[in-house]
Each structure stands twice: as structure tokens, then as C-alpha cells.
Amino acid sequence: MDIFQVIRDRRSIRKYKDIPVEREKIEQILDAARLAPSWKNMQCWRFLVLTEADMRTKVLEAIPDDNPGKKAIAMAPVVVVVCGNPDESDIENGIDYFIADVAIAFEHFCLAAHALGLGTCWMGWYDEGRIKQTLCIPDNIRIVGITPLGYPDQEPKPRPRKQLSEIAYFNQWPQ
Ligand SMILES: Cc1cc2nc3c(=O)[nH]c(=O)nc-3n(C[C@H](O)[C@H](O)[C@H](O)COP(=O)(O)O)c2cc1C
């Protein structure tokens, strides 16, 4: 699939088929994340891949009931906790770049998954402390997001985006 088509067609997937994801595909997707750029190439990201149902339940219990992605975590055969080690990145101009590093790798993950026919849904609304505690994630590690991973059981319509003219300016910031 052409990269522009992958970018265009990716959606947040919140319904999954009850079909396991092949280990080779999971590793291929993780490898795409591994190749992301990062602050001083320090690669602060870490991915905790949960394929066992009781481990996925621990994540499910830390998601508020009104999070629209909660059912996706309950349905998907794989849940990935996407983490970063802030000590392997830096703060510049007040910007904590570990978040950027992890976010880039996370999006590589989502796009690679889509290219292989798999769905993801970046989720940022959960009880981080509870997930860290129940999954024994060290104190110094931050969870930047979580995502279900599996074969989609829906084809969501594209969500609206701002016009290019609203977000990109040539040569001059609009006055
Ligand atoms: C940082 C971030 C956090 C998000 N958190 C959640 C979440 O907690 N629950 C959820 O259902 N979707 C979550 N989303 C998915 C967005 O709602 C979704 O990306 C947006 O509506 C655009 O839809 P699309 O991904 O299908 O293009 C999150 C997305 C991002 C980038």
C-alpha cells in the first residue's frame, strides 16, 4: 500500500474480530516503531505487548467506563501499552521531548498496523498509576498511550479535519 493511502485510510478502530494476531505481524509492526526518529537517537520508547487475556483485563480495569475506546480494549486480542523513559530524552524550551519521541514511534506503529490490515486506536484517557502498578511498570517510566491491536470489525467513516489553509502558512504567520 502506498504511504499516502495508508495515512489517508487509517482510522481509530473500536470494534475487533475475535481472531488472534500473528506473532510475525506484531513483530513487523513493532519493528516499524523501532525505526522512528528520536531526540539524539536515544530511542526512549518501550512497548509492553499484552496477548494474555488476564493481562489485558488489568488495563481494561484502569479505563473509565465513558472512554469510547474501552470496549475496544475488551474486544481486541492484543493490547499494547506504549511507554517512554524520560531519562532517555530531554527537555528543551520547556518541551518534554520524550512525549514527542514516543508519539512518533506510536504513529509508526499505527500506520504499519493499518498497512497489514490491522486496526489500532490511540488511547490517552486511563489511570496511569493503576496500569503501572498492576503491570509492574517501573516508577521512572511513563505511559504515553495504549492501543488495542487486532483485525477490524468496522469501517469507520473519516473524522473531519481542518482545511490546510487553517493549519499551514507559507512565509508569514497570519496577522
Ligand atoms: C493523544 C490521543 C489520545 C486519544 N485518546 C483516546 C481515548 O482515550 N479514547 C478513544 O476512544 N480515542 C482516543 N483517541 C482517538 C481520537 O479520538 C481519534 O484519533 C480522533 O477522533 C480522529 O479519528 P481517527 O483516528 O479515526 O482519524 C486519542 C487520540 C490521540 C491522538
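Assorted remarks:
- Site pair Lys71 and Trp173 shows an inter-label distance of 4.3 nm when each label is modelled 7 Å from Cα along Cα→Cβ.
- With 0.36 nm allotted per residue and the present C-alpha distance subtracted, the Glu24-Arg8 stretch has 3.3 nm of extension available.
- Computed from label points 7 Å out along Cα-Cβ, the spacing between Lys157 and Arg34 is 4.1 nm.
- Probe 1.4 Å, all protein chains present, accessible-area order of Asp18, Asp9, largest first: Asp18, Asp9
- Entry for region 3-152 at q = 0.12 Å⁻¹: log10 I(q)/I(0) = -0.47, Debye formula applied to identical alpha-carbon scatterers, no solvent contribution.
- Cross-linked pairs Lys58/Lys162; Lys132/Lys162; Lys71/Lys157; Lys40/Lys70; Lys15/Lys40: Cα-Cα separations exceed 28 Å for Lys58/Lys162; Lys132/Lys162; Lys40/Lys70; Lys15/Lys40.
- The apolar share of the surface of region 3-152, taken as the fraction of accessible area on carbon and sulfur atoms (1.4 Å probe, ligands and nucleic acids excluded), comes to 53 percent.
- Beta bridges assigned by DSSP with both partners in region 3-152 are antiparallel in approximately 95 percent of cases.
- Each principal axis of region 79-161 carries a Cα extent, and these read 38, 33, 22 Å when sorted largest first.
- Paramagnetic label zone (point 7 Å from Cα along Cα-to-C-beta, Asp96; backbone N under 18 Å) in region 115-149: 123-133, 137-146
The values are calculated or read from the model by the stated rules, or taken from the named source; none is laboratory data. Keep in mind that what you see is a predicted model, and the values were worked out from it rather than measured. Here Cβ is always computed from backbone atoms with ideal geometry, including for glycine, and neighbour counts include all displayed protein chains. Only protein heavy atoms, including side chains, enter the accessible area calculation; ligands, DNA and RNA are left aside. Shrake-Rupley method; radii C 1.70, N 1.55, O 1.52, S 1.80 Å.
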